[in-house]
Amino acid sequence: MPIRPKSEFLVFGQPEIQQEEIDEVIDSMHKGWLGTGPKVAKFEQDFAAYKNMPYVAALNSCTAALHLSLLAAGIGPGDEVITTPMTFCATVNAIIHAGATPVLADIDIDSLNIAPDKIREKITSKTRAILPVHFAGRPCDMDAIVRIANEYQLKLIEDCAHAIETEYHGEKAGTFGDFSCFSFYATKNVSSGEGGMVLAKREEDIARIKILGLHGMSKDAWKRFGDDGYKHYQVVECGFKYNMMDLQAAMGMHQLARVEKNWLRRQQIWSHYQQAFADLPIDLPAEVEAETRHAYHLYTVLIDESRAGLSRDQFLDAMTVQNIGVGVHYLSLPEHPYYQKRFGWKPEDYPNAHLVGQQTLSLPISPKLSDTDIADVIQAVKNSIRY
Ligand SMILES: *Cc1c(COP(=O)(O)O)cnc(C)c1O
């Protein structure tokens with residue numbers, strides 16, 4: 001059983017950085033334009049073109065995008081927002097920061113996405129929005145979710161942090177909701193180190209988000225980033241400091257240009273894993289649903305101790321010992337003490353998410369992996385199961 005040399009720990013979720021990003025960042029530094037400027041404008045245009053949606057705003061994170069989407073949707077104290085227990089904490093934290101109350105609807109055990117029938121069970125007179133997450137890059141059941149949103153006149157905000165390339169029934173993820181939010185965090189499919197983007201259906205919503213994202217300064221304040229001299233600005237509401245820097249956009253625009261190339265590589269890695277692990281006593285991701293496109297952001301397996309002979313955490317340790325970095329996406333949100341104390345959430349009330357939270361493990365799927373890296377991951381998984 002080959003073990004990777006100690007010096008070559010395979011870091012989980014490595015970004016794939018090329019010379020063009022490096023040159024572009026250096027160009028910004030030479031020009032001295034570090035903050036929001038022409039490269040952010042170009043990145044926004046490129047992203048709008050990729051999604052074929054006109055109204056976009058670049059921000060400094062997906063968390064900021066979620067927060068401002070909720071505010072622009074008019075959601076605040078007394079309102080309830082339904083989301084999934086199987087997501088990153090930022091999804092619910094944004095709801096809390098908007099002053100609203102997050103309400104969880106359990107996931108479907110195969111897709112790992114929020115289950116539409118569970119959403120229906122959680123609707124009350126206070127429900128104002130649904131916030132689905134396209135988990136791992138697999139699209140949610142958007143036909144059903146859009147139907148529920150229309151039926152109850154709820155806002156729809158898509159968390160597309162895993163789902164830049166995702167499509168559902170011929171439509172791109174992020175084009176269903178009133179708002180949709182993307183992440184360019186270091187490990188995401190397109191990275192700017194830190195960064196986010198929001199799409200809105202309505203022009204006035206994106207205008208409001210641009211104001212809220214830059215201290216609440218009037219829309220024309222963005223023009224003070226031009227080179228035609230000083231302009232007065234007016235503060236029209238109490239906003240936030242959420243704007244993206246040109247240094248970030250310098251990376252993001254070249255990453256976006258390679259989004260399809262990198263997707264193809266991750267698809268290949270995904271298929272290798274599916275074949276290599278087919279006979280192991282672990283649960284593999286469900287095959288991609290017909291008429292959809294998976295973004296292959298995460299490759300997650302479930303380790304059931306009674307079948308695999310070891311627990312998820314033992315499996316995680318066994319991979320680490322073999323110098324393979326792995327991830328856990330995620331412990332279910334009700335397992336965290338803050339939410340238990342504040343909302344009284346109990347893991348056992350969300351049995352599917354709880355089970356996944358206890359058994360899930362993510363294997364590396366970065367386009368940066370070499371063929372040898374992939375072979376090492378596969379061998380390490382097989383070694384671990386025979387631990
Ligand atoms: C990464 C992530 C976020 C937060 O993205 P940031 O850009 O780091 O703020 C939100 N939701 C999900 C599902 C994520 O994976």
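Within segment 301-349, if we keep just the residues that are β-branched (V, I, T) and out of contact with any helix residue (DSSP H, G or I) (no Cβ under 6 Å at 6 or more places or on another chain), the residue that is least open to solvent (accessible area, probe 1.4 Å) turns out to be V301. When you check D159 against the structure, is it at pLDDT 95 or above and more than 30 Å from E21 (Cα to Cα), yes or no? No: the conditions fail for D159.
The criterion of being at pLDDT 95 or above, in a loop (DSSP other than H, G, I, E, B), out of contact with any Phe, Trp or Tyr (no Cβ under 7 Å at 6 or more places or on another chain) and open to solvent by 10 Å² or more (accessible area, probe 1.4 Å) does not hold for P2. Among strands (runs of 3 or more DSSP E) entirely within segment 154-209, having at least 3 residues that are farther than 25 Å from T127 by Cα and within 16 Å of the ligand (Cβ to nearest atom) singles out no element at all. Across segment 90-113, which residue is surrounded by the fewest Cβ atoms within 10 Å (Cβ to Cβ) among those that are within 12 Å of the ligand (Cβ to nearest atom) and within 23 Å of Q358 (Cα to Cα)? Result: N93.
Taken together, the residues in segment 210-227 that are away from the ligand (no atom under 16 Å from the Cβ), modelled with pLDDT of 95 or more and either touching a Cys at 6+ places or on another chain (Cβ under 6 Å) or not hydrophobic (A, V, I, L, M, F, W, C) (or both) amount to 3.
Of the helices (runs of 4 or more DSSP H) entirely within segment 38-122, those holding at least 1 residues that are over 19 Å from the mean Cα position of the chain (by Cα) occupy 38-51, 62-72, 116-122. For segment 114-140, the set of residues classified as free of Cβ contacts under 8 Å to residues at least 60 places away in the same chain, under 17 Å from A353 (Cα atoms) and touching a helix residue (DSSP H, G or I) at 6+ places or on another chain (Cβ under 7 Å) consists of P116, I119, P132, V133, listed by residue number. For segment 45-60, the tally of residues that are farther than 10 Å from F182 by Cβ and either among the hydrophobic types (A, V, I, L, M, F, W, C) or within 16 Å of the ligand (Cβ to nearest atom) (or both) stands at 5. Looking at segment 74-89, which of the residues that are open to solvent by less than 10 Å² (accessible area, probe 1.4 Å) and hydrophobic (A, V, I, L, M, F, W, C) is nearest to the ligand (Cβ to nearest atom)? So the residue we want is M86. Within 12 Å of the ligand (Cβ to nearest atom) and either more than 23 Å from H336 (Cβ to Cβ) or not in a helix (DSSP H, G or I) (or both), is that true of I130? No. For segment 117-163, the tally of residues that are aromatic (F, W, Y) and under 16 Å from V81 (Cβ atoms) stands at 1. Any chance segment 235-248 includes a residue that's touching a residue at least 40 places away in the same chain (Cβ under 8 Å) and among the hydroxyl-bearing types (S, T, Y)? So far as segment 235-248 goes, yes, one or more of its residues are touching a residue at least 40 places away in the same chain (Cβ under 8 Å) and among the hydroxyl-bearing types (S, T, Y). Filtered by the rule that a residue be within 14 Å of the ligand (Cβ to nearest atom) and over 16 Å from the mean Cα position of the chain (by Cα), segment 136-153 gives no residues. Taking each residue of segment 176-189 that is open to solvent by 10 Å² or more (accessible area, probe 1.4 Å) and looking for partners that are part of a strand (DSSP E or B) and more than 12 Å from the ligand (Cβ to nearest atom) with beta-carbon atoms closer than 9 Å, six or more apart or interchain, yields F176/L156; F176/Y168; D178/A129; D178/K155; D178/L156; D178/A200.
The values are calculated or read from the model by the stated rules, or taken from the named source; none is laboratory data. Just so you know, these numbers come straight off a predicted model, no measurement behind them. Please note: Cβ atoms are built from the backbone with ideal geometry, for glycine as well, and neighbour counts cover all protein chains shown. Please note that ligands, DNA and RNA were not included when accessible areas were found on the heavy atoms of the full protein model with its side chains. Shrake-Rupley method; radii C 1.70, N 1.55, O 1.52, S 1.80 Å.
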